Ligand SMILES: [Zn+2]
């Protein structure tokens, strides 16, 4: 399928503004529109404003330059780190420079830091005398440490939760469990990366706690990523309250395959050292920057990305890109429409990666005005071009903006109703009724580098980024400036 280019998108937009567009290019993807009343129309908005927003987006390098500074100058921005604090200060100052009303809203965050990370096979079939094999490993976020000298234990390779469930506990007890569950590369490359990721990531999220319950002494998971560059991809793992916590790391796909191959031939023993630590909680912040509406200032259109990142790379794709896109969207809409009817609110979230405290703090602090949040957008899938709009929310609240959603979304691939919030920081406000929107982006490139040491500025493609701004800036303009 070819990309419907921006010229076609522009044409549909133009027709829509003059009231003659077929508003649904994909009627099959529009189950809710016919029976809901749309109170947010873009039918009569001026063509010149719409064109100006899109033209600015098409030429803009502002968002890209923000990504450059966040990733190259500030660097990795793990929650609680000095770099995360610097990102708060920097983005707040940039938004003030754009003339927005800026404030910091407190978020108390966990401060977890990575330590030593070493692994080697100390026994395996065919081992040459006196040798060991190095295994690349990185700690999963928020995990506990091994003793300083590490642990040595037999390796047990598991491919699925069903397989783990069927094993008697005495076969798991005392072992280091390797979850060798593969990302479905074919599905991912065929465009179903969201589903492929969601399936594979369960082993990172829940594998360590499942293995601990059966008596394992540590867990390794095959990295959830699409590349084959021998990269370890970190990410969060969670232990339910009361579950015994064990050290957990991620290994590159290549190392997982090596261990799985050797384990088929005979006994494998591994030595593992992971020494992460939890430091005292820190006071951090969400950055809030408002362009106040001049007619319905209490009604809010929220545009966001997350300031924090993992610590292995410099968080360029995840999520400096999302922050840069959100900043640019607000900048462009403000320059074309300095006085929108509704308030446009930029949010730079803190702690998306290892806790989600920023999203929860916002939902709590703004509980009484969430009914006035018209919609919330988050960018958290890197730089890839948008291929549709993902939208989560009730028929009533999504229905109220469906005309705008379809006018913008249909030319690029449709408006896809999803059950879970398409941006994890938006989950708490989405659960409270706020429609959550994210562009469904081409994420093949993204999952090659996501959460790895290779998530660096050189991976960011400015032209792809601009395509996101070109689609979302008009969307935000139309939502914030209705008739
Ligand atoms: Zn992210």
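Quick check on residue 202: is it part of a helix (DSSP H, G or I), more than 21 Å from residue 117 (Cβ to Cβ) and modelled with pLDDT of 95 or more? For residue 202, the condition - part of a helix (DSSP H, G or I), more than 21 Å from residue 117 (Cβ to Cβ) and modelled with pLDDT of 95 or more - is met. Quick check on my filter: what residues within segment 351-372 are part of a loop (DSSP other than H, G, I, E, B) and more than 16 Å from the ligand (Cβ to nearest atom)? 366 - this is the single residue of segment 351-372 that is part of a loop (DSSP other than H, G, I, E, B) and more than 16 Å from the ligand (Cβ to nearest atom).
Restricting attention to segment 305-316, the residues that are more than 7 Å from the ligand (Cβ to nearest atom) and more than 11 Å from residue 70 (Cα to Cα) add up to 5.
A residue that is within 13 Å of the ligand (Cβ to nearest atom) and more than 18 Å from residue 365 (Cα to Cα) cannot be found anywhere in segment 284-302.
Restricting segment 373-403 to residues that are away from the ligand (no atom under 16 Å from the Cβ) and in a loop (DSSP other than H, G, I, E, B) leaves a set whose member that is nearest to residue 429 (Cα to Cα) is 393.
A quick yes/no check of all residues on (1) outside the structural domain of residue 245 (by TED's automatic domain parsing); (2) surrounded by 15 or more Cβ atoms within 10 Å (Cβ to Cβ); (3) farther than 23 Å from residue 420 by Cβ:
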residue: 163; (1), (2), (3): no, no, yes
residue: 169; (1), (2), (3): no, no, yes
residue: 172; (1), (2), (3): no, yes, yes
residue: 186; (1), (2), (3): no, no, yes
residue: 190; (1), (2), (3): no, no, no
residue: 197; (1), (2), (3): no, yes, no
residue: 207; (1), (2), (3): no, yes, no
residue: 211; (1), (2), (3): no, yes, yes
residue: 217; (1), (2), (3): no, yes, yes
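Residues that are within 16 Å of the ligand (Cβ to nearest atom) and part of a helix (DSSP H, G or I) occur at least once in segment 438-446. Residues that are free of Cβ contacts under 8 Å to residues at least 12 places away in the same chain and over 23 Å from the mean Cα position of the chain (by Cα) within segment 194-226 are absent altogether. Candidates 302, 279: the one that is outside any helix (DSSP H, G or I) and either without any contact (Cβ under 8 Å) to a residue 24 or more places away in the chain or touching a helix residue (DSSP H, G or I) at 6+ places or on another chain (Cβ under 9 Å) (or both) is 302. Just one of (1) closer than 26 Å to residue 80 by Cβ; (2) surrounded by fewer than 24 Cβ atoms within 10 Å (Cβ to Cβ) fails for residue 251. It is (2).
The values are calculated or read from the model by the stated rules, or taken from the named source; none is laboratory data. Here the structure is a predicted model, which means the values were calculated and not measured. Cβ coordinates were reconstructed from backbone atoms using ideal geometry, including for glycine residues, and neighbour counts include every protein chain displayed.
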